[in-house]
Amino acid sequence: MDMASADVFTANNIGYLLLSSTLGIIVGDLLWLEALRLIGAKHVIVIDSIKPFAAAILGRIFLQENLRPPAWGGMFLTVLGVGVVSWEEQSKASQSKEDAEDECDDTNAVQIESDRINNDADDIGTTQISSQNTDDNVSIPDDKSKRYWRGYTCAIINVLADSFGSLLTKQHGVGMTTWTINLLRFGFAGIILLLVSIAMRLHGCYRSSRIDGHSQHTKNENKEDTESTLHIDQCCNTLSTPAQQQCLRPLWYQLPSLKLKGWLQITGGVALVTFLCPAFEKFALFQITLALAISLSSIGPLYSLLLEVPFKGKRPTIWGCLGACLAIAGVVILSVFGY
């Protein structure tokens, strides 16, 4: 290793790149997914819209990158346009999901009514169900408030972690190629996730061994639970719609069971999204300001308008086209005044 490489690949620089991997990939993505689960995509989109502005503030403080006033306006237009497109997409997705759930609820209602007719204790069952629903309704506002509070907290921390991770990469990745940076960041994140998966599997084996050592009474209870689970799995296997088959899922730390075609599709997606995309993104990060790089990396939803036509046969809506025009105008302004 020559002197120039020794000055670049210092313990300080590598350590900060690993820290950026922890913040931007491990912590950031984990909190982003948790926020999606708690508050839904629409609310996460709103919080994500502040990421370019957070990057602009961090760039101004730590990198002395000053944006001219028109660039702030262009950033606002870009964020607004992407937000409109994303909001429209999630509205359509939510509507489709609600329609599927309504269909499932109607089917369940028919089954419940049939069971109720065949049940000798109709009145008692109805009273119990009504009482249970009343208790559930009382606890809904409290649970919803806590869920939203946690979800927004996760989304905000994700924005800050992702922005700060990009800042650390730009500060301490100078002199490295984009491939080296991605090897360090994604390689470290991959090792951590692999260790977590192994640890969870070992924990599962440990719990299974403890269950096997319990008393016969506990074994009988576990047998009943297993039979109940098998019954649910058999019911799930008979369901035809994708929404009804969601109960058949591997644990979060396990790989899914897919056919060769599925793995090839995932491999292709990983090659594009986790390999080429970050490579171009990190190259741009060192050529333009931090705020401009993050703003441009957030316009992915615009491409879905073009891809929906050949792949799904869907035409973009008026709101989608309007959002795309706003985002494109913002990108043009950023490209002119963002340096």
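The values are calculated or read from the model by the stated rules, or taken from the named source; none is laboratory data. The shown structure was predicted, so the numbers you read here are calculated from the model rather than taken from an experiment. Ideal geometry is used to build each Cβ from the backbone, glycine not excepted, and the neighbour counts take in all protein chains shown.
Side notes on the structure shown:
- Filtering CYS247, CYS277 for residues that are at pLDDT 50 or above, farther than 30 Å from GLY24 by Cα and within 20 Å of the chain's Cα centre (by Cα) leaves a single hit, CYS247.
- Unique match (being part of a helix (DSSP H, G or I) and either surrounded by 11 or more Cβ atoms within 10 Å (Cβ to Cβ) or at pLDDT 80 or above (or both)) among ALA56, ALA109: ALA56
- For the stretch 158-171, residues that are under 14 Å from the mean Cα position of the chain (by Cα) and among the β-branched types (Val, Ile, Thr) total 1.
- All positions within the stretch 159-189 that are assigned to a helix (DSSP H, G or I) and loosely packed, with under 15 Cβ neighbours inside 10 Å: TRP179, LEU183, GLY187
- Condition met for LEU302 (within 30 Å of ALA55 (Cβ to Cβ), at pLDDT below 90 and exposed (fewer than 11 other Cβ atoms within 10 Å of the Cβ)): no
- For LYS261, the conditions (1) modelled with pLDDT of 80 or more; (2) exposed (fewer than 10 other Cβ atoms within 10 Å of the Cβ); (3) within 22 Å of LEU194 (Cα to Cα) are fulfilled apart from (3).
- Taking the listed residues LEU307, LEU276, LEU272, LEU290, the one that is closer than 20 Å to THR169 by Cβ, hydrophobic (A, V, I, L, M, F, W, C) and free of Cβ contacts under 8 Å to residues at least 60 places away in the same chain is LEU276, with no other qualifying.
- Taken together, LEU19, LEU63, LEU77 contain a single residue that is surrounded by fewer than 16 Cβ atoms within 10 Å (Cβ to Cβ) and at pLDDT 90 or above, which is LEU63.
- Given (1) of a type outside the set (A, V, I, L, M); (2) surrounded by 10 or more Cβ atoms within 10 Å (Cβ to Cβ); (3) at pLDDT 50 or above, number of the condition CYS236 does not satisfy: (3)
- For the stretch 299-316, filtered to residues that are in contact with a helix residue (DSSP H, G or I) (Cβ under 6 Å, 6 or more places away or on another chain) and not in a helix (DSSP H, G or I), the residue that is nearest to GLY187 (Cα to Cα) is ILE299.
- Restricting GLY28, GLY74, GLY81, GLY59 to those that are out of contact with any Leu (no Cβ under 6 Å at 6 or more places or on another chain), touching a residue at least 60 places away in the same chain (Cβ under 8 Å) and small (Gly, Ala, Ser) reduces the list to GLY28.
- Among (1) farther than 29 Å from VAL85 by Cα; (2) part of a helix (DSSP H, G or I); (3) without any contact (Cβ under 8 Å) to a residue 12 or more places away in the chain, the one test that ASN12 misses: (3)
- Yes/no for VAL270 being exposed (fewer than 15 other Cβ atoms within 10 Å of the Cβ), aliphatic (A, V, I, L, M) and over 21 Å from the mean Cα position of the chain (by Cα): no
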